[in-house]
Amino acid sequence: MVTVTYPPALQDCASAAWSVTPPQGDRPVAVRQVHASGRHRQLMICRTSNVTVSPVYPAAVPITQNYPRSAPRELPATLSGSLPASNAGPAAAPYFMVLRHGNAVVYDRRTGRVAAVVRPPHTAPQGFTGVAAAGDDRTFVLAAGTGRGRFYEVALGQDGTVSQPLTQVPVPPVANSGTLFAVSPDGSELALALPQPGGVATDEIMVVSLADGATHIWRSPDPGSVYAMSWEDPLALPAEAWSGHPRLLFGWTDTARPHRTARQRSGLRLLDPRAPGASLLRSRLLIPASVRVGTLRTLNYPLIAPGGTVVFATMISDAGGGNAQAAVVAFSAATGRPLGVVTPLANESGFGTWCGALWADPSGSKALAACGVQGQVSSTRFTKLNLHFPAPNLSAGNNFFAW
């Protein structure tokens, strides 16, 4: 089923928003780029328009043939060149976006060259305040403005340049410049960590549909704080990408109970946004905050592999005297047990450079990380490699870059 929406007061022509619900699918997938002839980058809808939709599957089947009854499982042609395979290397995602001086700068990790500069809309002179990426390695969502900011979507072409204009997405005006947010792998949903109404020091997670603006809120019954979010898709392999059910990994800290009890309840938790109920703590505690790997402790900047198999997290040693060290540790997403330290230890005395996993392939077998040095992770083996990533201070905060 294809849904086309346009302004209700349409008098002439306007840009349309498209979403597709695939066969046996239970949710619409927003279409991020519609190819049109002529001068328009997006397909326009007019009062006299007729819309004809023709599914072509698999991509090799000419449009004049019937839909095959037993087609091989593969993505449509429009997506097969964007989503990385399960064993894809870092070349599948060569571009990353960093916030600099209010702009969003696109870098090519292979050469360090600037591929594009995305400037904020005139309605947000303060500039962009956050960025997050979808799983297609091309779609980014940017937050702009202070106070109740707005969110915009931008898509990159194969060469890293902006392939379509900045488009505002239907997110309620509930976020401020420091709001933590993350985009679902298919780009259809945005998760935001928000304080509960009434000034209660407890965060809630709101998931917004970027197709129609519908929201769902999960609240914690106990005082606590959400400090990180990363989406995963259990069916992130290309053959299953249309039918996956993304889940949200988030970090939560209990702020009410005694230290020992709180650390047993705190940690990295996995939320199924389609499960019934609205309690944030119905989520599964995957990795408790009490975990230790040698002298390393705490869990920061988590990144779950798109396929939901491996979780990467930054951990810091408890050494005193200003001799603390940081490293990236890989965990099994099935058991929560550590798989090993995957980066060299980097000095962290409060002024160290950012340390964390930057990108992972769906299987979690390959990743990119920066922790003192930059490089590629293959299983638990680290190879030094200049990623041309302008690593900021470790305490820079969330959403300052997206890969």
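Details
- Boolean, Leu299 is outside the structural domain of Ser317 (by TED's automatic domain parsing), surrounded by 15 or more Cβ atoms within 10 Å (Cβ to Cβ) and at pLDDT 85 or above: no
- Count of residues meeting criterion [part of a strand (DSSP E or B) and within 18 Å of Gln264 (Cα to Cα)] in segment 274-301: 11
- Ala91 vs. criteria in contact with a strand residue (DSSP E or B) (Cβ under 6 Å, 6 or more places away or on another chain) and either modelled with pLDDT of 85 or more or not in a loop (DSSP other than H, G, I, E, B) (or both): no
- Residue within segment 349-359 that is among the aliphatic types (A, V, I, L, M) and in contact with a Gly (Cβ under 7 Å, 6 or more places away or on another chain) present: no
- A count restricted to segment 321-345 and to residues that are of a type outside the set (A, V, I, L, M, F, W, C), assigned to a loop (DSSP other than H, G, I, E, B) and farther than 18 Å from Gln264 by Cα stands at 5.
- Of residues in segment 103-141 being among the charged types (D, E, K, R) and in contact with a Gly (Cβ under 7 Å, 6 or more places away or on another chain), the one surrounded by the fewest Cβ atoms within 10 Å (Cβ to Cβ): Asp108
- Residues that are in a loop (DSSP other than H, G, I, E, B) and free of Cβ contacts under 8 Å to residues at least 40 places away in the same chain within segment 128-157 comprise Gly145, Thr146, Gly147, Arg148, Gly149, Gly157, listed in sequence order.
- Which listed residue, of Gln374, Gln325, is in contact with a Lys or Arg (Cβ under 9 Å, 6 or more places away or on another chain) and surrounded by 16 or more Cβ atoms within 10 Å (Cβ to Cβ): Gln374
The values are calculated or read from the model by the stated rules, or taken from the named source; none is laboratory data. Predicted, not measured: the structure shown is a model, and the values here were computed from it. FYI the Cβ positions are ideal-geometry reconstructions off the backbone, even for glycines, and counts take in every protein chain you see.
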